[in-house]
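Below: one structure, written as structure tokens.
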């Protein structure tokens, strides 16, 4: 049995990390850490956990905790992860791993040196349609991959994001929050990137809180885009924004990720995670169901027919980390993948400042 602690008891943990722990018979949630005492009391009742603390060091030092999930503000990830690694804990951390690639790389190296399992919570790697798309690309089902295209649009209220709208707390806006996921799975599909050019922009200052109060203006992007060259010779184009009106779709927004190969095209869509669009030369894209063996990762106790399809695949993250711990193997995606994606995102910010291509 792997005993987990949650550090950061907010919506992300409640949305997929805790359900992921609860459905895995090899995992148990034994402790929760959050500085908000009211939230801790709420989670005690909802999650049925009695060991509560406001100090992450208590978790790092707890001999009864085997693994931690870090779902706290971006600027706290590094210090919490390093403390837990020093305490011998296996660690899953939300993205971005840190405020820059150098710190993310330090986290990755520390975890490797300590011999603990480490994992970046790049959720969309676990979507059935993404897993099947990866199979098609890597097995040659689309021929030689030539081009990757990603669009991720959300229609969010133009009120304050709290800590997420300030560079010193979040690092960046849409680029670090949403587009970094697409950078990661693009490299998983297409291989390493060698150079990028990119840009970010801000269209709303977010000076009003959701409750109607005032706050300092945001200094992060709400739109980001990049063009990239892959080591293989393929190319890619990414665009993301949280101010795309009309793309609400019950909060899931719009997502389209496409690989064009010499022998076909395949498309992943977040809102249709159990099917892909597939087209061969001279044909039109058609809906193709994801084969059953790609609906969950091998061995997962999750029922692919239960729950909201766009939500439930996220539960498989905990299954992957638990399996890696018990099987004494690396978890995927690891901190190294998180650091690689963050290096690309950092390069986008550098390109935006300098107006030039950045080699990776």
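Throughout, read-outs are computed from the coordinates displayed, never taken from laboratory work. Since the structure is predicted, the reported quantities are computational estimates derived from the model, not experimental observations. Cβ atoms come from the backbone with ideal geometry, glycine included; neighbour counts cover every protein chain shown.
Between residue 36 and residue 280, the C-beta separation translates, for a Förster distance of 45 Å, into a calculated FRET efficiency of about 0.25.
Taking each residue as 0.36 nm, the span from residue 328 to residue 207 lengthens on full extension beyond its C-alpha to C-alpha distance by 38.7 nm.
Rg/Rh for segment 233-308: what does it come to with C-alpha atoms and Rh from Kirkwood? Taking Rg over the Kirkwood Rh, I get 1.02. Our summary gives the chain a relative contact order of 21 percent, counting only alpha carbon pairs under 8 angstrom and 6 or more residues apart. Of all DSSP bridge pairs formed entirely within the chain, close to 60 percent run antiparallel. Kirkwood hydrodynamic radius computed over segment 134-249 comes to 15.5 Å, based on all pairs of distinct alpha carbons. Extension gain for residue 292 to residue 245 (0.36 nm times residue separation, less C-alpha to C-alpha distance): 13.4 nm. Using only alpha-carbon positions in segment 2-122, the gyration tensor eigenvalues give semi-axes of 22, 15, 13 Å once each is multiplied by 5 and square-rooted (largest first). Centroid-to-centroid, using Cα positions, segment 120-181 and segment 12-31 are 23 Å apart.
Dimensions of the chain based on its C-alpha atoms, expressed as ranges along the principal axes with the largest first, amount to 61, 48, 40 Å.
Packing, taken as the mean count of other beta carbons within 10 Å per residue, orders the peptides 286-294, 141-149 from highest to lowest as 141-149, 286-294.
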